[in-house]
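Working notes, beginning with the structure itself.
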Amino acid sequence: MENTLIEKQLKATADLNRLKLLACMKTGEVCVCDFVDVLGISQPAVSQHLRKLKEAGIITERKVGTWKHYRLVEDQTPLMQGILAQIQPLNGCNCQTNDCHVEETDSE
């Protein structure tokens with residue numbers, strides 16, 4: 001594994017809010033609207049945390065209507081497999097409204 005990838009992944013997981021995001025995604029795909037409620041921080045702040053996780057190759061996104069849904073990348077590095085194994089899944093990360101569940105699907 002390349003050192004820059006190791007550095008990105010370690011930095012991305014060295015934040016409690018990002019660990020909570022990963023804990024949410026351990027149970028499956030999560031809409032961005034749910035993360036605001038779980039973390040209790042602003043949507044722009046959530047977006048910055050998600051961007052760091054995505055840049056580190058830990059998560060991926062797909063667009064559904066106007067919402068983005070995030071999930072863990074299936075093929076994780078050995079480092080991330082070890083880190084993710086230590087994180088307990090966080091329940092209650094499901095959409096509380098029907099606004100983010102739209103029938104049409106656009107993949108990015």
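The values are calculated or read from the model by the stated rules, or taken from the named source; none is laboratory data. The shown structure was predicted, so the numbers you read here are calculated from the model rather than taken from an experiment. All Cβ positions, glycine included, derive from the backbone under ideal geometry; neighbour counts span all protein chains shown. To get the accessible areas, we keep the full protein, side chains included, count just its heavy atoms, and leave off ligands, DNA and RNA. Shrake-Rupley method; radii C 1.70, N 1.55, O 1.52, S 1.80 Å.
General observations
- Taken over region 57-80, the residue count meeting the criterion of being more than 15 Å from the chain's Cα centre (by Cα) and either open to solvent by 30 Å² or more (accessible area, probe 1.4 Å) or over 17 Å from Arg18 (Cβ atoms) (or both) is 5.
- Hits in region 48-96 (condition: in contact with a strand residue (DSSP E or B) (Cβ under 7 Å, 6 or more places away or on another chain) and of a type in the set (Asp, Glu)): Glu61
- Residue list for region 1-20, filter: of a type outside the set (Ser, Thr, Tyr) and open to solvent by less than 80 Å² (accessible area, probe 1.4 Å): Leu5, Ile6, Gln9, Ala12, Asp15, Asn17, Arg18, Leu19, Lys20
- Counted residues, region 27-41 - those being of a type outside the set (Val, Ile, Thr) and either assigned to a helix (DSSP H, G or I) or touching a helix residue (DSSP H, G or I) at 6+ places or on another chain (Cβ under 7 Å) (or both): 5
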